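Take a look at the structure set out below.
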Protein chains: 2
Amino acid sequence: MKQYQHPTADQITLTGVLHALSDPVRLDYVRCLAESECEKSCGAIPTTVAKSTMSHHIRVLREAGIIHLRPYGTQSLISLRSDELEKKFPGVLNSVLKSVKSTNVVEPGA
Amino acid sequence: MKQYQHPTADQITLTGVLHALSDPVRLDYVRCLAESECEKSCGAIPTTVAKSTMSHHIRVLREAGIIHLRPYGTQSLISLRSDELEKKFPGVLNSVLKSVKSTNVVEPGA
DNA sequence: ATGCAAGTTCGATAGTCGTAGAACATTAAA
DNA sequence: TTTAATGTTCTACGACTATCGAACTTGCAT
């Protein structure tokens, strides 16, 4: 059984979170996870990069404390650590998510 | 007369802003600028890195659209582009600043 | 057992980043 | 016109990063 290591709330740093979110690929994963509000496997997240590259990005997000991984058969179920992040850095993740959504919209008022 | 180039609001990207804020040195500059709410020269911002390194970080912040530089004699006056950032990415800068302040405090309730 | 599916890890590579010293540019002051 | 003060640019260097393919691991189904 694969065991993943997650940072505790104390170990999560603001710069670490910001850095993890500053990559377009990773930010899109986080946006995708936030949209469904439930666990997703890697395969359920649409991406353009190679499988190994995706695994790398997922690892970065996990080590930054942004996501939680749970083994389920051959897959890894991913969930956002929204509540912990909100408690530690209030508003940060939510405002970023709100911005990343509206940024990708072509016409805000349409 | 030195002329600085600043990105327009359209050119500012969320990942660019997050990346610029993800460095501890730069985040501390931004925190320092936000505290006074007025222009500051480079020399007025306390730092531990070399002069050339600071110049580099200031440049990164400027090119990300986070700060505005204005020549004043031999110095450069720096100001936060708070309003523009708030309009483009509502809540992002403010929540980050709130978190970076409370993070550095030893006892939140004391 | 065999094969398949889903991720992970390893090795390599090209690119970016933070750092600092030295040299330079510009402005103000003497 | 020197001299000093304030930043900027250049060059270099070590560390880190995003990317991929190949090999590997693990669990499930047949």
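The values are calculated or read from the model by the stated rules, or taken from the named source; none is laboratory data. Everything numeric in this text was worked out from a predicted model, so none of it was measured. Cβ coordinates were reconstructed from backbone atoms using ideal geometry, including for glycine residues, and neighbour counts include every protein chain displayed.
Run residue A:83 past the list (1) surrounded by 11 or more Cβ atoms within 10 Å (Cβ to Cβ); (2) out of contact with any Leu (no Cβ under 7 Å at 6 or more places or on another chain) and report the number of the one that doesn't hold.
If we test residue A:83 against (1) surrounded by 11 or more Cβ atoms within 10 Å (Cβ to Cβ); (2) out of contact with any Leu (no Cβ under 7 Å at 6 or more places or on another chain), just (1) comes out false.
Tell me, which residue of the stretch A:1-25 that is away from chain B (no Cβ under 14 Å) and within 14 Å of DNA strand C (Cβ to nearest atom) is surrounded by the fewest Cβ atoms within 10 Å (Cβ to Cβ)?
A:1
Which condition does residue B:46 not pass, out of (1) farther than 27 Å from residue A:12 by Cα; (2) surrounded by fewer than 17 Cβ atoms within 10 Å (Cβ to Cβ), if it passes all the others?
Going through (1) farther than 27 Å from residue A:12 by Cα; (2) surrounded by fewer than 17 Cβ atoms within 10 Å (Cβ to Cβ) one by one, residue B:46 breaks only (1).
When the residues of the stretch A:26-83 are narrowed to those that are within 11 Å of DNA strand D (Cβ to nearest atom) and touching a Pro at 6+ places or on another chain (Cβ under 9 Å), which ends up farthest from the other protein chains (Cβ to nearest Cβ)?
Result: A:63.
Assuming residue A:39 fulfils every condition listed in (1) among the acidic types (Asp, Glu); (2) more than 12 Å from DNA strand C (Cβ to nearest atom); (3) more than 22 Å from residue B:91 (Cβ to Cβ) apart from one, which condition is it?
(2)
Would it be correct to say that residue B:95 is away from chain A (no Cβ under 14 Å) and either within 29 Å of residue A:94 (Cβ to Cβ) or surrounded by fewer than 13 Cβ atoms within 10 Å (Cβ to Cβ) (or both)?
no
Within the bounds of the stretch B:54-70, is there any residue that is assigned to a helix (DSSP H, G or I), among the basic types (Lys, Arg) and without any contact (Cβ under 8 Å) to a residue 12 or more places away in the chain?
yes
Looking at the stretch A:3-25 only, could you name the residues that are modelled with pLDDT of 95 or more, assigned to a loop (DSSP other than H, G, I, E, B) and within 10 Å of DNA strand D (Cβ to nearest atom)?
Across the stretch A:3-25, the qualifying residues are A:22, A:23.
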